[in-house]
1. Check the stretch 120-136 and report whether any residue there is open to solvent by less than 100 Å² (accessible area, probe 1.4 Å) and either in contact with a Gly (Cβ under 9 Å, 6 or more places away or on another chain) or modelled with pLDDT of 95 or more (or both).
2. Within the stretch 38-48, count every residue that is surrounded by fewer than 18 Cβ atoms within 10 Å (Cβ to Cβ) and either under 12 Å from the mean Cα position of the chain (by Cα) or not in a strand (DSSP E or B) (or both).
Amino acid sequence: MKRLLAAGLMAAFMLLPNVAFAGTTGNITGTVIDSAGKPIADVKVTASSLSQTQTGTTDSHGYYALVNLLPDTYNVSFQKSGLQAASTPGITVTQDQNTVVNETMQAELKTIANVRPAARRTWLNPTRAAMCTPSAERS
């Protein structure tokens, strides 16, 4: 009888760590679209807080899921080449809850050329510029 009781208590203690961690994390999920409303695939999504950082990628439907996040306040950032990086601060994750963070990303403006003046000196000299007055005011 004592052996059966000891075995039962040992099994209960072995299961205790699993019970202690159950229901202690939350999730951040959402969809990333472009300005036309089309989903964007392969966007790097990062949730970072003081307690942890987790990164995921959007699928072909623009959907992402960052799961098993510790309860905390996160900064969620979105990055993809050719698009302006975006960030949503202050996202609160609570245990057993799913927090939805959707993002609309804009096209990144690119520099396609640099323009330099061809002349070596300027044609206007502000110290020598004459003031033009109407002929009626001239004396």
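1. Checked the stretch 120-136: no residue is open to solvent by less than 100 Å² (accessible area, probe 1.4 Å) and either in contact with a Gly (Cβ under 9 Å, 6 or more places away or on another chain) or modelled with pLDDT of 95 or more (or both).
2. Adding up the residues that qualify gives 6.
The values are calculated or read from the model by the stated rules, or taken from the named source; none is laboratory data. Since the model is a prediction, treat every value here as computed from it, not as a measurement. Please note: Cβ atoms are built from the backbone with ideal geometry, for glycine as well, and neighbour counts cover all protein chains shown. All accessible areas refer to the heavy atoms of the entire protein, side chains included, with ligands and DNA or RNA removed. Shrake-Rupley method; radii C 1.70, N 1.55, O 1.52, S 1.80 Å.
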